Amino acid sequence: MNSIGDELPVAEKLRTSIREMMPGIIADLGDLIRIPSVAFPGFPPGPVLGMARATEDLLKRYGLPDARLITIPGGYPAVFAEVQAPPGAPTVTLYAHYDVQPAGDPLGWKSDPFTPVVRDGRLYGRGSSDNKAGILVNAAAILALSGDLRVGVKLIIEGEEETDSHLDSFVLANPDLFRCDLFVVADMGNLTPGSPAITTSLRGVCACTVRVRTLDHPVHSGAFGGPSPDALIALVRILATLHDAAGDPAVPGLKGSQWRGEEFPEDLFRDTAGMLDGVDLIGTGTIASRLWTGPSVNVIGLDAPGTATAANILIPQAAARISMRIAPGADPAAEMKKLADHLLAVAPWHVKVEIGEIRLFPGFECKTGGTGYKLARMAMETAFGKPVHEIGGGGSIPLVNTLAKAVPGAEFILWGCADLYSNAHGTDESVEIGEIERMILAEALLLASLGS
């Protein structure tokens, strides 16, 4: 099979066509950003359902007339579309999601979170990079090949990726709907704009709430402080044992390995993380290993009185939410047991410790020896004009394991148009407009080469 990189007239024709399409693509992405499709419990369902319908309409306008909503029991609908494969041609399933993270305090944003704004070549707004741009990458790649699509294509656009997803159960109950040769997950990205990368591994996650109790009710801190331990102090002492003096996770036995690819530049990490001057990095080993193939432990929430409402009492109970990222290939249940055993073992003064609200998601490792992966690298290299890097992902996409289980043997490509400056999940989320254009071209070239 000739690679699309060898068919420069085809590549340049697509490049020109996609460039002409870009104003309309950015306008359509802006319309999607305006819909506050937060699927978290407690948020209004109307915008989420409206986003599902808007996605269905967009796919129809981009050349997928059979696009339709699929009812997902217990959750928000997914949007599905399909183009049947010609005889003997492979089928590719393209994935993205239409739900977004809550915007948080809008005062932290330079502009309204749900009003798209272009500044310095970047489009700002909640969901711009995570993952409404992924919807446009998938749809526009198909539109760019309109009339010359020689491969079967399925699109699945999820509505609950950012919260408790119900799609996993649906996939396992309906594996034939997702049957394909290659999954392309457009929910990742590159380290920096214009530097192409394919993600080949994802860390998993173990999360739990640890609750400490010492008294059956609040008491006067002067009358009882001294002999009586307060729960917050006990909890702080427990949490302080999660890292050693160097900042490495101190939970015994956690799995990890060394990243064998290119290193993650420290200056890039510091810049994109927003680290303050003079603050040390924590942990040992390469930054890439600490981010992509090793464990990390973070306290992401506390239940305790706030300083503004603090009273002179001993705190009878306090809780913390712990999120532990685990190495690709590590067993989440086994890693969670190690964390729980550690929390119980280090608790001081025989305080009462309860561990609950556990969530477990495994990591993922892509196979990189197949035809789909080879053609994806070639397509991306042609689109960006640069060699492709292999990177890891510090976050998790739980659905990919479900898809791999439902469709054994299918290849996976994890890529997208986000970058480390996108600040997904944070304030002023953004995506570079040029990166959207390059990723549409890469995906169109991949589909063209698979069908050649």
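Below are the figures for this structure:
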read-out	value
Estimated [θ] at 222 nm from DSSP helical runs (n ≥ 4, -39500 (n - 2.57)) normalised by residues in the chain, nearest 500	-9500 deg cm²/dmol
Cα-derived Rg to Rh of region 162-219, Kirkwood definition	1.22
Against the rule of thumb 2.2 N^0.38 Å, how large the Cα Rg of region 345-448 comes out	1.51
Reachable lysines from Lys132, criterion Cα separation under 24 angstrom, eight or more residues apart if same chain	Lys60, Lys110, Lys154
Within the chain, percent of DSSP bridges classed antiparallel, to nearest 5	65
Cubic angstrom per residue, convex hull over Cα atoms of region 368-409	98
J(HN,Hα) series, region 36-49, from Karplus relation 6.51 cos²θ - 1.76 cosθ + 1.60, nearest Hz, glycine and proline x	x, 7, 8, 8, 5, x, x, 8, x, x, x, x, 5, 5
Anisotropy class of region 314-365 from Cα gyration tensor, a/c 1.5 cut	prolate
Dipole of the chain, positive direction: furthest Cα of Thr115, Pro408, Tyr62, with charges on the beta-carbon	Pro408
Spread of Cα-to-Cα distances over 10 Å intervals beginning at zero, given as percent, for region 87-172	15, 35, 29, 17, 4, 0
Protection proxy ranking, peptides 132-140, 297-305, 227-235, average beta carbon neighbours within 10 Å, highest first	132-140, 227-235, 297-305
Exposure proxy ranking, count of Cβ atoms within 10 Å, fewest first, for Asp57, Asp181, Asp130, Asp280	Asp280, Asp57, Asp181, Asp130
Inverse mean reciprocal Cα-Cα distance (Kirkwood Rh) of the chain, Å	23.5
Lysines whose Cα lies under 20 Å from that of Lys374, excluding same-chain neighbours fewer than 8 positions away	Lys386
Relative frequency of Cα-Cα separations exceeding 21 Å in region 126-199, percent	40
Approximate shape of region 30-88 as ellipsoid semi-axes (Cα gyration tensor, √5λ), whole Å, largest first	26, 15, 7
Reachable lysines from Lys337, criterion Cα separation under 17 angstrom, eight or more residues apart if same chain	Lys255
Net lengthening on full extension, Asp120/Ala273 (0.36 nm per residue, minus Cα-Cα)	53.1 nm
Cubic angstrom per residue, convex hull over Cα atoms of region 229-287	127
Rg over Rh [alpha-carbon atoms, Kirkwood Rh] for region 4-104	1.05
Calculated from backbone phi, Karplus (6.51, -1.76, 1.60) coupling profile of region 209-220 in Hz, x at Gly/Pro	10, 9, 10, 10, 10, 10, 9, 8, 6, x, 9, 4
The chain: relative contact order in percent, alpha carbon pairs under 8 Å with at least 6 residues between	26
Pairs of alpha carbons in region 138-255 whose separation is greater than 22 Å (percent)	67
Per-residue ³J(HN,Hα) for region 320-333, Karplus 6.51 cos²θ - 1.76 cosθ + 1.60, θ = phi - 60°, Hz, x for Gly and Pro	9, 9, 10, 10, 10, 7, 10, 5, x, x, 6, 7, x, 5
Evaluated over region 197-348, the Cα radius of gyration and Dmax, each in Å	18.6, 61
Cα centroid separation, region 83-98 to region 161-237 (Å)	31
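Values in this text are rule-based calculations from the coordinates and carry no lab data. Keep in mind that what you see is a predicted model, and the values were worked out from it rather than measured. Using ideal geometry, Cβ is built from the backbone for each residue, glycine included, and neighbour counts are taken over all protein chains shown.
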